[in-house]
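Here the structure comes first, spelled out in structure tokens, and everything after it is commentary.
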């Protein structure tokens, strides 16, 4: 079996066409399902733990440990569910779209194995509604997998049953939060749920459920087929595997690359994204989508993983950076981001729906020349009010992260807006 250094994107075609099931099988596709069928559920779970596969949706929680919380055995509640979070609405993030459009069978195989690990019989792919091309390709792949016998009453000829369905989202940022997603999947408003109980114990329709990100589940077949040591060998750090890193904003070559986990910010920015456009200088970047703290020039040699980025004061998040240059107004950038988060608040808790709207109004006034003394202190209060422990879910704390760090690194820009009663970048 050949050694792979880019397992997630090995089947991605230059012309953008999806891989059909025949091509996927020729590349060892669904062999991991056959191997998993010979393994005990607990052994599959332990393999994920040993591989240190951490969730690629942003939280970075150990996947095997997450699966281990599902009740098992003859007395466990049934049915159980596997749900894929494909509601990729984080600004600046587009990594899952590549996997969904290019190689949907990889995701299907990962979900089958996850179902075998927790003894689930039904699965759902919860897809962002704007991903229409992805939806069409997933529907075709599901039909192919059913026709080949990998889905349905006898998975690959075994006694295991697993049905997999595509659910196209109504479209809200809150649907990316796993309990809001489950509410939406049940046909209800996408509000977050109280935890505990956690979805692994009482999730979809009150039954045990695991919710994993697209990229996370796409790693599962490769780990089963090639082992935990192989997976860990792909990484520069203790966080196992490769990572789909992306860059957008002020770079020469916006894009997406599968690289070893722990690749540095500098390598991503200068080698893969081509550096800054002519005449522009680097000021900072959000390393993992819009809801992460800024990193600046002193952080360029930080490894992009779940350990080193937090040490630098931010989060890896989705691993898709948004780059800010010296001619783009950071206040205007923050206004744009906070406008998005304020719109997407589900309104469930006061700090989020009220606080984000207030922050957006302050930034809008400041950018339009109406900033007043005391505005920065008001915003700093709001970053605390919106922080962890004060809201029902992570939407507001995530929205506060870029603002908190912008006030730290770009404070002079905010002060100039107030002092000069204008945006100095216009």
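The values are calculated or read from the model by the stated rules, or taken from the named source; none is laboratory data. From a predicted model like this one, the values you see are computed outputs, not experimental measurements. FYI the Cβ positions are ideal-geometry reconstructions off the backbone, even for glycines, and counts take in every protein chain you see.
Here are a few things to note about the model shown:
- Every residue from the range 225-253 that is under 28 Å from residue 336 (Cα atoms) and part of a helix (DSSP H, G or I): none
- Inside the range 384-399, residues that are in a helix (DSSP H, G or I) and either out of contact with any helix residue (DSSP H, G or I) (no Cβ under 6 Å at 6 or more places or on another chain) or farther than 11 Å from residue 334 by Cβ (or both) make up a count of 6.
- Among residues of the range 320-348, those that are in a loop (DSSP other than H, G, I, E, B) and under 20 Å from the mean Cα position of the chain (by Cα), counted: 2
- Residues of the range 132-146 that are out of contact with any helix residue (DSSP H, G or I) (no Cβ under 6 Å at 6 or more places or on another chain) and either farther than 19 Å from residue 18 by Cα or touching a residue at least 24 places away in the same chain (Cβ under 8 Å) (or both): 135, 139, 140, 142.
- Selection within the range 48-59 - in contact with a helix residue (DSSP H, G or I) (Cβ under 6 Å, 6 or more places away or on another chain) and over 24 Å from residue 100 (Cβ atoms): 49, 50
- Between 202, 184, the distinction of being in the same structural domain as residue 60 (by TED's automatic domain parsing), in a helix (DSSP H, G or I), in contact with a strand residue (DSSP E or B) (Cβ under 9 Å, 6 or more places away or on another chain) and at pLDDT 95 or above belongs to 184 only.
- Boolean, residue 38 is out of contact with any strand residue (DSSP E or B) (no Cβ under 7 Å at 6 or more places or on another chain), at pLDDT below 95 and surrounded by fewer than 19 Cβ atoms within 10 Å (Cβ to Cβ): no
- Taken over the range 235-274, residues that are touching a residue at least 12 places away in the same chain (Cβ under 8 Å) and farther than 20 Å from residue 333 by Cβ amount to 25.
- Of all the numbered requirements in (1) under 29 Å from the mean Cα position of the chain (by Cα); (2) closer than 17 Å to residue 330 by Cα, residue 352 misses one, and that requirement is (2).
- Selection within the range 275-291: residues that are in contact (Cβ under 8 Å) with a residue 60 or more places away in the chain and assigned to a loop (DSSP other than H, G, I, E, B). The member of this set that is nearest to the chain's Cα centre (by Cα) is 288.
- Of the criteria (1) assigned to a strand (DSSP E or B); (2) surrounded by fewer than 24 Cβ atoms within 10 Å (Cβ to Cβ); (3) under 21 Å from the mean Cα position of the chain (by Cα), which one residue 125 fails: (2)
- Being over 30 Å from residue 98 (Cβ atoms) and touching a residue at least 12 places away in the same chain (Cβ under 8 Å) is not true of residue 302.
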